[in-house]
Amino acid sequence: MNIQGFEYDMDEMLQALLLFWIPVAMVPLGLWFSLSSQSKSTMANGRFLAFLGIIMVCLSPWSVPSSPSSAAGHLLGAVIGPCMLIIIGIYLISFSGNVAVGKLPRSDRRLGVLMSGSGFVWLAGMHWWILTPQLSPDVVNPYWYVFWPTFILLTSCLASCSAVTLLTLGDRRRAESNAMFILSGLSILILLLGINIDGPLVEANEFREHLWLAIADMAGIAVGSLLSILIFAFVIYTYERSLPPPKSIHPPTSSELDQVSKLLRNHLGGEEE
Amino acid sequence: MKESSLSMTWRMIFLAFLLPPLLILALDITFYGSFKGIDSGVSFTRFANATLTAYTLCSLFLLGNLFFYGESRNRPLAPLVGMVVATLLGILATVFFIGQGPMLLEDNGSVQAQAIYNIVHMFVSSGAILMSVCVALGVTFSAITSQKPRSDFDLEEE
């Protein structure tokens, strides 16, 4: 794909702010409105805002080609299709099975398998076929090297974790655990193929380098997030500890106790038939 | 479940999480005799940038959550100030460490460019993490719902 942007008489920084960063901010803001508001119109406006933000971010390679950040918008546009196929497919498979509520027809299971399978094949085609996200001919989107190894590696880690959890904490969940081991094994297989077999644009050595970088990235994200959560907990704990103890009230007087017992006597028992 | 057995289970689950990268590492050492493709300097730079960015962005998110906490506490200022200081500390640390020179600068020429790259990189990584969590949870759920319904009588007999 050869990206040719629109021409504007505008400062590049301002262009990036208006056409990339504000749309990026619109997505969480819209989601916040749609999830936290009680009013239906605010919810609908929030959803529209988030949708508009996603569309504008996807269009950023054309609207702000001078900004390197717009490559992330390009990647979003490239992977949103297969990702939606996978998620909708898994939803159809899950809810066409034995669920108590929201059960879908049995025929949806095949459609779900087909959709999620096509999604995975589409993503694999981005590595080993001609579907690789390219900013210009033969120039692979740099963020593809971030997304793909992180996604596959974490899927295999989480699937393996889920398989062991089902085996150890679950009751008679061997079949389900085996399914998760298969998913983990398939993900590891894709990683091993990736680090040993070149794609038309993605070389095995380059993928290998980015795989280790993805591990460093995930470790960094885990450490940074845990640190901020710990500090948040510490701030709340310190504040709550500094609060004065709640004022205790005086014990009831004998006249108050008499009044309570009188009220209780009047409301207990009932009339005999 | 006994406490010791529960702690053993948690360890097994944690090890299962680490198993795939360890397996790839073991295969790499077996076939190539070394950690092929690992540049410790570049990996450390990525780790440090990811830590600083995740800390700052997560603190900002939690700062937003403090407003909801404040609703039940008569809007106190103290925790809000504490969290603002913690977030500012993250921003200052990011700017300071990136400004130290090539240690945390990846392929970017300035502190501003590196900071913006870190944020965009974090969005992409978070997207990949979110997607893999959806896939792992979704497949676990569909594996459970695809089994035949269990009879309560079987459980009672056991």
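The values are calculated or read from the model by the stated rules, or taken from the named source; none is laboratory data. Since the structure is predicted, the reported quantities are computational estimates derived from the model, not experimental observations. Here the Cβ positions follow ideal geometry from the backbone for every residue, glycine too, while neighbour counts run over all protein chains shown. Protein only, heavy atoms only, side chains kept; ligands, DNA and RNA dropped before computing areas. Shrake-Rupley method; radii C 1.70, N 1.55, O 1.52, S 1.80 Å.
For the reader, a short list of remarks on this structure follows.
- A dipole drawn for the protein assembly as shown from +1 and -1 charges on Cβ atoms has a positive end, and of A:Val223, A:Gln38, A:Thr168 the residue lying farthest that way is A:Thr168.
- Descending principal axes extents, region A:32-148, alpha-carbon based, whole Å: 51, 41, 18
- D (Stokes-Einstein, µm²/s), Kirkwood Cα radius, region A:71-236, 0.692 mPa s at 37 °C: 182
- Seen from a random direction on average, the alpha-carbon convex hull of region A:1-67 projects onto 5.0 square nanometres.
- Accessible surface comparison of A:Lys247, A:Lys40, probe 1.4 Å, protein chains only, largest first: the order is A:Lys247, A:Lys40.
- Debye, to nearest 20: dipole size of the protein assembly as shown, +1 on Lys, Arg Cβ, -1 on Asp, Glu Cβ: 480
- Across peptide A:192-199, the average count of Cβ atoms from other chains found within 10 Å of a residue's Cβ is 1.
- Annotation for region A:70-149 versus region A:42-66: alpha-carbon center distance of 20 Å.
- Put B:Ser126, B:Ser59 in order of accessible area, highest first, and with a 1.4 Å probe you get B:Ser126, B:Ser59.
- Ligands, DNA and RNA aside, B:Leu18 has an accessible area near 60 Å² when probed at 1.4 Å.
- Computed about the Cα centre, the dipole magnitude for region A:80-206 is approximately 780 debye when only Lys and Arg (+1) and Asp and Glu (-1) carry charge, each at its Cβ.
- Of the whole protein surface, A:Trp32 contributes about 130 Å² of accessible area at a 1.4 Å probe radius.
- Cα gyration tensor of chain B - equivalent ellipsoid semi-axes, whole Å, descending: 38, 30, 16
- Exposure of A:Thr238 as accessible area (Å², to 10), given a probe of 1.4 Å and all protein chains: 70
- Shielding by partners - mean other protein chain Cβ count within 10 Å, residues of A:78-90: 2
- Residue mean of other protein chain beta carbons inside 10 Å, A:164-177: 5
- When A:Phe95, B:Phe123 are compared by accessible area at a 1.4 angstrom probe, the order from most to least is B:Phe123, A:Phe95.
- Top positive-direction residue, dipole computed over chain A with Cβ charges, set A:Ser156, A:Met180, A:Pro142: A:Met180
- Here the average projected area of the convex hull drawn through the C-alpha atoms of the protein assembly as shown stands at 33.8 nm².
- Length added when fully stretched, A:Arg241-A:Ala204, from 0.36 nm per residue minus Cα-Cα: 7.8 nm
- Applying 1/(1 + (r/R0)^6) with r as the Cβ-Cβ distance of B:Leu88 and B:Phe68 and R0 = 22 angstrom yields a FRET efficiency of 0.55.
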